[in-house]
């Protein structure tokens with residue numbers, strides 16, 4: 001039987017796998033978890049894709065759709081029907097037998113949880129609230145997966161090694177989603193559109209304006225509103241991997257903030273809303289205030305994908321969101337999630 005409901009989740013909600021599992025156990029008595037734990041060749045999703053399954057077939061997340069997802073969910077529903085039991089590892093060749101033409105190979109891990117697991121789930125849910133985290137996972141004597149929190153090593157990377165997943169084999173898993181910090185100056189109409197465009201994406205937005213009445217009453221979950229005119233303090237507090245976007249109500253203020261951000265030389269992206277004319281005026285201003293040429297060269301203005309010409313706020317926001325995704329992928333260290341690493 002095909003699942004009755006496929007509920008699409010945004011990135012942040014599906015980052016909270018263990019919260020979903022706890023809620024499902026509390027409301028339905030049992031939950032299933034299907035994880036992609038290894039991929040070779042071409043596949044619809046990478047390691048770390050997951051589905052949390054309810055007994056009635058409703059589920060959250062995706063491992064790529066198609067026949068692979070259909071069959072994996074069917075197997076997970078059968079496991080749930082049998083009650084809390086051993087972990088199940090399975091290899092899926094993505095070829096004619098599965099009706100998929102990707103040509104790669106996917107390994108999945110299927111688990112079931114009930115009220116006996118709530119204490120362990122609570123510890124993992126707590127770690128999940130802080131963002132990305134790692135576990136050292138092993139197959140226990142009862143054939144279920146036992147997880148212990150593990151420190152991030154090698155600068156947050158995991159090693160995509162292979163393991164036979166023997167009875168007591170250990171491997172490393174990564175949960176949660178890494179977010180790119182965005183420092184957005186300006187709460188005008190375009191700023192509002194940008195906040196909405198970034199809401200379902202892996203960004204954590206610090207939204208800054210000196211005018212308290214400009215912020216809407218409600219903002220997306222990944223946005224913090226800051227009413228301040230202390231630009232230097234905000235830039236000093238920004239993480240080194242933050243992207244800076246400037247679109248205030250004042251051109252002189254835009255120029256001051258942009259120059260201050262470029263002067264710090266730590267940010268990979270400093271974007272200033274405006275046309276080529278505004279860019280030329282900023283460059284003239286930057287030279288007057290003594291900003292070095294190599295710092296000026298790091299400016300992005302106009303912002304967004306240049307081939308997209310629309311000037312409506314929502315169009316500008318969508319174009320900028322696409323550009324920031326490219327910046328994020330270019331600058332992020334590769335972190336397969338979860339990678340498998342023999343102990």
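The values are calculated or read from the model by the stated rules, or taken from the named source; none is laboratory data. All values reported here derive from a predicted model rather than from experimental measurement. Cβ placement follows ideal geometry from the backbone for every residue including glycine, while neighbour counts extend to all protein chains displayed.
A few notes on this one:
- Residue that is nearest to residue 315 (Cα to Cα), among those in the range 194-209 that are modelled with pLDDT of 95 or more and in contact with a strand residue (DSSP E or B) (Cβ under 9 Å, 6 or more places away or on another chain): 194
- Residue match in the range 194-206 (condition: in contact (Cβ under 8 Å) with a residue 12 or more places away in the chain, closer than 16 Å to residue 300 by Cβ and over 21 Å from the mean Cα position of the chain (by Cα)): no
- Being in contact with a helix residue (DSSP H, G or I) (Cβ under 7 Å, 6 or more places away or on another chain), over 25 Å from residue 329 (Cβ atoms) and modelled with pLDDT of 95 or more is a condition met by at least one residue of the range 235-251.
- Among the residues of the range 195-213, those identified as more than 16 Å from residue 242 (Cα to Cα) and buried (at least 20 other Cβ atoms within 10 Å of the Cβ) are 197, 209.
- Just one of the listed residues (216, 220, 212) is assigned by TED's automatic domain parsing to the domain that holds residue 263 and within 23 Å of the chain's Cα centre (by Cα), namely 220.
- Within the range 306-316, the presence of a residue that is under 26 Å from the mean Cα position of the chain (by Cα), in a loop (DSSP other than H, G, I, E, B), within 21 Å of residue 182 (Cα to Cα) and in contact (Cβ under 8 Å) with a residue 24 or more places away in the chain is excluded.
- Hey, residue 295 more than 24 Å from the chain's Cα centre (by Cα) and without any contact (Cβ under 8 Å) to a residue 24 or more places away in the chain or not: no
- Any hit, the range 267-279, residues being touching a helix residue (DSSP H, G or I) at 6+ places or on another chain (Cβ under 8 Å), assigned to a helix (DSSP H, G or I) and in the same structural domain as residue 190 (by TED's automatic domain parsing): yes
- Total residues in the range 225-272 satisfying the condition of being in contact (Cβ under 8 Å) with a residue 40 or more places away in the chain and under 21 Å from the mean Cα position of the chain (by Cα): the figure is 9.
- Qualifying residue in the range 95-113 (condition: more than 19 Å from residue 39 (Cα to Cα), in the same structural domain as residue 66 (by TED's automatic domain parsing), at pLDDT 95 or above and part of a strand (DSSP E or B)): yes
- Hey, residue 126 assigned by TED's automatic domain parsing to the domain that holds residue 17, without any contact (Cβ under 8 Å) to a residue 40 or more places away in the chain and not in a strand (DSSP E or B) or not: yes
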